[in-house]
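Structure record follows, encoded as structure tokens.
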Amino acid sequence: MNRCTIEQVAYVFFGEADRVKLNLDGGVRVIIPSDFKPKLTPDQYYVEDSISIRRLERVKSGDILISLVGDIGSSMVADDIIAGSVLGRGCAALRLREDAQIVTNDWIKAWVLSTDFKEQVSEWVVGDVLSRLPGSALRGFSLPEPSPHDLVKLESLNGPLAKTERELHHVLRLIRDLRKIENELLFCRG
């Protein structure tokens with residue numbers, strides 16, 4: 001099986017936003033490494049909107065986000081809710097290149113969950129106390145190029161799972177909204 005580097009098939013963006021604040025009104029949402037851990041009610045961090053923030057690449061739905069610190073190598077796929085956010089320090093995004101001919105976004109999503117990806121992460125992590133994955137290393141990670149058969153097999157495996165995942169994500173959003181309403185009612189004086 002032929003291999004290619006991630007930089008050959010995807011744009012790689014790195015987080016630059018810092019000095020984030022919890023629930024800042026009128027700010028720009030920031031994705032930080034702790035967002036990669038599943039939580040029922042995740043904290044949302046923001047940074048004040050400014051000219052320097054407007055220059056940062058915005059997350060798009062479908063981008064594959066990777067933590068470079070903390071739970072190094074953990075990933076998530078950006079949905080419509082976090083689209084438009086910026087990446088905080090310690091995060092990276094992979095976005096399929098328009099000229100990618102063989103590799104698909106679904107293939108990259110599957111690959112970042114694979115042992116192959118995790119082994120490359122382990123090889124490149126630096127630092128003892130504050131471990132991190134250097135961005136230059138991520139750009140050079142190699143992934144296998146799929147055959148047409150591999151892509152069909154991936155679709156047959158992921159089709160039903162993706163639908164279930166979308167449904168569960170929707171239910172989780174509804175639970176979060178319900179929790180917010182319950183909290184508001186708890187403190188509502190009338």
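The values are calculated or read from the model by the stated rules, or taken from the named source; none is laboratory data. None of the values given here were measured: they were computed from a predicted structure. Glycine also receives a Cβ, built like all others from the backbone with ideal geometry; neighbour counts cover every protein chain displayed.
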message: Between VAL121, VAL69, which is farther than 16 Å from TYR11 by Cα and in contact with a Lys or Arg (Cβ under 9 Å, 6 or more places away or on another chain)?
response: VAL69
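Of all residues being out of contact with any helix residue (DSSP H, G or I) (no Cβ under 8 Å at 6 or more places or on another chain) and part of a strand (DSSP E or B) in the range 3-18, which is nearest to GLY90 (Cα to Cα)? Just the residue, please. Walk me through how you get there before you give the answer.
Applying the first criterion (out of contact with any helix residue (DSSP H, G or I) (no Cβ under 8 Å at 6 or more places or on another chain)) to the range 3-18 yields 3-4, 8, 11, 13, 15-16, 18.
Filter once more, so that each one left must be part of a strand (DSSP E or B): 3-4, 11, 13.
Details: ARG3: 26, CYS4: 24, TYR11: 17, PHE13: 11 Å.
Among those residues, the one meeting the criterion is PHE13.
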- prompt: Restricting the search to the range 153-190, which residues are touching a residue at least 60 places away in the same chain (Cβ under 8 Å), under 17 Å from ALA78 (Cα atoms) and not hydrophobic (A, V, I, L, M, F, W, C)?
  reply: HIS169, ARG173
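Name the one entry in ARG189, ARG139 that is modelled with pLDDT under 90 and charged (D, E, K, R).
Values: ARG139 fails: modelled with pLDDT under 90.
Criteria check complete, one pass: ARG189.
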- line: Condition set at pLDDT below 95, part of a helix (DSSP H, G or I) and charged (D, E, K, R), scope the range 92-122, selection farthest from LEU65 (Cα to Cα): answer is ASP106
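Does at least one position in the range 36-45 carry a residue that is more than 24 Å from ASN105 (Cα to Cα), loosely packed, with under 14 Cβ neighbours inside 10 Å and of a type in the set (A, V, I, L, M)?
Taking the range 36-45 first, the residues more than 24 Å from ASN105 (Cα to Cα) are 39-45.
Next, from what is left, pick out any that are loosely packed, with under 14 Cβ neighbours inside 10 Å: 39-43.
Retained after the next criterion (residues that are of a type in the set (A, V, I, L, M)): 40.
Yes, that holds for at least one residue.
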task: Sort through ASP106, ASP116, ASP128, ASP150 and tell me the only one that's of a type outside the set (Phe, Trp, Tyr) and either exposed (fewer than 11 other Cβ atoms within 10 Å of the Cβ) or free of Cβ contacts under 8 Å to residues at least 24 places away in the same chain (or both).
output: ASP128
Identity of the residue in the range 2-29, surrounded by fewer than 16 Cβ atoms within 10 Å (Cβ to Cβ) and among the basic types (Lys, Arg), that ends up nearest to LEU143 (Cα to Cα): ARG3
